[in-house]
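Asks: Sharing a structure below in C-alpha cells format, with a few things to ask.
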Amino acid sequence: MSDRRTPDKASDGPGSPVRPYVMTEGREATNTVQLDMISVVISARGEVDELSLEPEQLAILDLCQRPLSVAEVAARLDIPVAVVKVLMGDLIARGYMLARAPYTIQHPVVGRDVLQAVLDGIQRL
Amino acid sequence: MASNDSDRGPTLLPAALKVLIAGGFGAGKTTMVGSISEITPLSTEEVMTEASLGVDDLSGVENKTTTTVALDFGRITISPELVLYLFGTPGQERFWFMWNELAAGALGAVVLADTRRLETCFPSVDFFERRGIPFVVAVNCFDGAAVYQPEEVRDALSLDPQIPVLLCDARVRESCKEVLITLIQHLQSRAASTV
C-alpha cells in the first residue's frame with residue numbers, strides 16, 4: 001500500500017510522466033507544509049545529512065542560498081512544481097529550509113500599503 | 001544562544017505577490033511577461049494526467065493521456081520585502097483546471113485582447129468576473145491588426161464601466177508598465193470604495 005507509483009515505473013524511460021514522482025517515493029503533498037507556487041524559500045545554514053537526502057533535494061538546497069520562489073526552483077531544476085513541493089516539504093520539516101507564505105491582500109489597511117509599494121515599485125522600473 | 005539561522009529568519013524573506021496575464025492563445029501573454037520581467041522568463045513544465053474519454057477499452061488497461069503544460073512566468077523585485085511574479089496563464093481551455101491554483105491569492109489579472117480574434121479572451125473575462133478577481137483589459141495592438149478603440153472593445157466584451165480598458169503593445173516595456181500601473185490603480189480604487 002505504500003506506493004501506487006512503484007519504482008518499477010522508472011523504467012518507463014526518459015520523458016515518462018511517472019518518473020518525477022519516483023523522487024518523492026510516490027508521495028503527494030498532503031501532510032507537510034502548505035507551499036504555494038510563489039512561497040519564497042531559502043536554505044537554512046547548518047549541517048546537512050547529505051546521505052539522507054535525494055540528489056534533487058541537495059540540488060534544491062544548493063540553489064536556494066538566496067530567496068527563490070517554489071516556481072523558480074521548479075523551472076531552474078526542471079522538476080514539476082508538485083514534486084518540488086513534496087521535496088521541499090521534507091526539507092522544511094527537517095529544518096534544512098525556511099519558507100514564507102505568499103502575501104494575501106485581506107486586511108484592507110495593510111493591503112493599501114502593499115498596493116502603494118507595488119505601484120511605486122512598478123513606476124520606478 | 002542564537003541559532004545559526006537567526007539571520008535568515010522568515011521575516012527576512014521577501015513575501016511574494018502574483019499577477020496573472022491571461023488571454024487567448026497567441027494574444028501576447030508570454031511577450032508581455034518577457035517585456036517587463038527582470039529575469040528571462042522561466043517556464044515550468046507541469047505533467048498532467050487526464051483520463052481519456054470516448055476511447056474503446058477492451059483490455060482493461062487504464063486509458064490515460066498525459067499532457068505537458070508550460071507555465072511561463074517572470075519576476076519584478078519591488079523592494080527587499082516584496083517580489084511580484086507575473087504568470088502567463090495556459091491559453092488552451094482544457095488546462096483550466098490549473099487556473100484555480102494559479103488564481104488563488106492573485107492580486108489581479110491582465111486580460112490581453114487580440115483584436116484579430118477578440119472572442120478568444122471571452123473565457124478569461126468570464127473566469128475572472130465569476131471569481132471576483134479584479135482585472136483590466138489590455139488590447140494588444142499587433143502590427144496590421146484592425147485597431148479598435150477601447151470603448152468598442154468594452155462594448156464587445158460587455159464589461160462593467162469601472163473595468164479599465166486600454167491599448168497596449170506587449171512588446172514594449174513602457175507600455176506593459178502602463179498596463180500594470182493601471183491594474184494597481186484599479187485595485188486601489190476598489191479598495192477605497194469598499195471601506
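FYI, it's all coordinate maths here, none of it is from the lab. Just so it is clear, the model here is predicted, and its values are computed rather than measured. With ideal geometry, Cβ positions are generated from the backbone for all residues, glycine too; neighbour counts draw on all protein chains shown.
Asks: What order, most packed first, do the peptides B:69-81, B:151-163, A:75-87 have when packing is the mean number of other Cβ atoms within 10 Å of each residue?
Replies: Values: B:69-81: 18.0, B:151-163: 13.8, A:75-87: 20.7.
Descending packing order for the listed peptides: A:75-87, B:69-81, B:151-163.
Asks: Another question, then. Please compute the contact order of segment A:37-88 in relative form: average sequence separation of alpha-carbon pairs under 8 Å and at least six residues apart, divided by the residue count, as a percent. Write down the numbers at each step before the final one.
Replies: Details: 47 pairs, mean separation 22.7, N = 52.
Once divided by the residue count of segment A:37-88, the mean separation gives 44 percent.
Asks: Right, something else. Please compute, for peptide B:71-81, the average count of beta-carbon atoms on other protein chains lying within 10 Å of each residue's beta-carbon. Working shown, then result.
Replies: On the way: counts 5, 1, 6, 0, 5, 4, 2, 9, 5, 1, 3.
So the per-residue partner count for this stretch is 4.
Asks: While we're on this one: I want the local charge near A:LEU53. Using Cβ-Cβ distances under 10 Å, sum +1 for each Lys or Arg and -1 for each Asp or Glu among the other residues. Provide the component values of the computation, followed by the final result.
Replies: Values: positive: A:ARG94; negative: A:ASP49, A:GLU50, A:GLU54, A:GLU56, A:ASP90.
Within the 10 Å Cβ shell, the charges total -4.
Asks: How many percent of the alpha carbon pairs in segment A:45-125 exceed a separation of 20 Å?
Replies: Numbers: 1512 of 3240 pairs.
Here the long-distance tail beyond 20 Å is 47 percent of all Cα pairs in segment A:45-125.
Asks: Which listed residue (A:CYS64, A:PRO80, A:PRO102) has the Cα farthest towards the positive end of the charge dipole for segment A:32-124, taking +1 on Lys and Arg C-beta and -1 on Asp and Glu C-beta about the Cα centre?
Replies: A:PRO102
Asks: For peptide B:177-188, how many partner chain Cβ atoms fall within 10 Å of a residue's Cβ, on average?
Replies: Working: counts 4, 1, 1, 6, 5, 0, 3, 9, 2, 0, 7, 6.
Rounded to a whole number, the mean comes out at 4.
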